[in-house]
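Since every read-out is calculated from the coordinates, none of them should be taken as a lab result. Just so it is clear, the structure is predicted and the values come from calculations on it, not from any experiment.
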């Protein structure tokens, strides 16, 4: 992912089988902050497994992250 002011959609897969979608994440810093939020919020049975990041405009997947391998450069 490039560090521009693009808007991203982030889909998160949880351990319990559910999905959570964030439809307007602003920029690569927003993605990093969102992953930190996942680490703090989704614990126990609601633990997050992975997330896929899509460009909202083009709908192309631009990144994916596994729990425990936090992004250093989205």
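Helix 27-41 and the long axis of the chain differ in direction by around 10°, with both axes built from C-alpha atoms.
Computed on the chain, the Cα convex hull volume stands at 73 Å³ per residue.
Were the residues from residue 66 through residue 23 laid out at 0.36 nm apart, the gain over their Cα-Cα distance would be 13.6 nm.
Every helix of 4 or more DSSP H residues in the chain counts as -39500 (n - 2.57), and over all residues that averages to -6500 deg cm²/dmol at 222 nm.
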